[in-house]
Amino acid sequence: MKMELHSRPLVSIIMAVKDTAPFLPKCLTSILGQSYHNWELIAVNDHSTDHSLQILQEFAAKDRRIRLFDSPGQRLIPALKEGFKRSLGILINRMDSDDWMPSDKLASMVSEWLRYGIGFVIAGGTQHFVDEGDVGAGFKRYDQWLNQLAKSNSHFQQIYQECVIPSHCWIIHRDDLSAAGAFEPEVYPEDYDLCFRFYRSGYKIVGIDKVLHFWRDRSNRISRTWEEYRDNRFFAMKLKYFYELDRDRRRPLVVWGAGRNGKDFIKELSKYEESIHWVCDNENKIGKNIFGIIIAHYDQIITFNNPQILIVVSAPEGKIEISKYLERTGKKPVKDFWFFT
């Protein structure tokens, strides 16, 4: 371990490539332009039908640090598995083949990792971009949220809200990645599932308050086109890990929110829980029987003995008001309530 801390560890950048020829040269050029030089790029071609492979071969011919392989299976996760299997680096990073890196990305992340070592994940900030037009408001909010997490190191406090570490903007020791299951589970979204496995493993996340990845938005990105991402609230995944890692069945469970998200959440939650307390602030829904549960006013929360509170409210201003209310009642945000949208 001491040798690693006093050297410049090899970073393996694992990158699956699938029909990204129009964007690949800029991506590869940004990797070649890194101020940190001790890296290898493990590029795994996932059965591309355009000239992505030719571009990869041309770049690899110019720089031996670029190593090319073919994916043995179809889709993203088999390609990532193959990339990790072929990698040689002490530290592991992921890259998307249509994005690009600022020149100090690897230097910043390696430098920070060397301060902490085994058991730590280093995460940076991101910024979405498009070639034409404007980035959507939702992606802008997501960038701002991710960057705030990096600034405050509050990733795991917010993990049930959305994916807290972008798939392409972290660095971790290969042994830690292996111990967390690496890319083995055939579960999508794979980056969110990996975040939960980091959480389960007890790793600490250290955020860098700097944009270290430029993230392309386009109409045919898999988060827009794959069936697994169609319902992007991922309630099933969130509840699976909540019941494994954070649910205390000795305590009453309260759900706050009776809109569409709240109703869909209750349906999924009912697979785990028979006794659910449901509250909201909508006067038109208070007192109604929905799914066999009478919805109560949120003031009922103070009558419960040490409840766990799951908040399914999507409006940012609503989340702020709810947080303030619960903090005034003496609840501790980190331990006692979680946002699920």
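Every number in this text was worked out from the coordinates using simple rules, so none of it is lab data. Quick caveat, the model's predicted, so the values are computed rather than measured. Here the Cβ positions follow ideal geometry from the backbone for every residue, glycine too, while neighbour counts run over all protein chains shown.
Structure summary
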| quantity | calculated |
| --- | --- |
| Range in the chain, longest, excluding exposed GluC sites (Glu not before Pro) [loop by DSSP; at most 10 other beta-carbon atoms within 10 Å] | 133-273 |
| Kirkwood Rh and Cα Rg combined as Rg/Rh, the stretch 247-339 | 0.92 |
| Projected label distance in nm at Gln74 and Lys26, using a 7 Å step from Cα toward the beta-carbon | 3.0 |
| Unit charges on C-beta of K, R, D, E only; dipole of the chain, Debye | 780 |
| Label corresponding to Rg/Rh (Cα atoms, Kirkwood Rh) when calculated from the structure given, among (i) 0.94; (ii) 0.99; (iii) 1.01 | (iii) |
| Theoretical FRET efficiency, 1/(1+(r/R0)^6), r = Cβ-Cβ of Arg65 and Lys319, R0 45 Å, to 0.05 | 0.50 |
| Among the listed pairs Lys140/Lys210; Lys18/Lys81; Lys238/Lys285, those beyond 23 Å (Cα-Cα) | Lys238/Lys285 |
| Extreme residue, positive dipole direction of the stretch 2-229, given options Met15, Gly136, His155 (C-beta unit charges) | His155 |
| Max mean-square fluctuation residue, GNM over the chain, Cα-Cα springs under 10 Å, options Ser275, Ser152, Ser30 | Ser275 |
| With eigenvalues of the C-alpha gyration tensor scaled by 5 and rooted, the stretch 92-192, Å | 23, 16, 15 |
| Span from the the stretch 95-159 Cα centroid across to the the stretch 163-221 one, whole angstrom | 10 |
| Kirkwood-based shape ratio for the stretch 130-183, expressed as Rg/Rh from alpha carbons | 1.07 |
| Dipole of the stretch 2-229 [Lys/Arg +1, Asp/Glu -1 at C-beta], most positive-end residue of Leu212, Asn93, Gly117 | Gly117 |
| Among Lys263, Lys204, Lys238: highest mean-square fluctuation, GNM of the chain, C-alpha pairs under 10 Å | Lys263 |
| For Gly181, residues with placed amide H under 5 Å, excluding near neighbours | none |
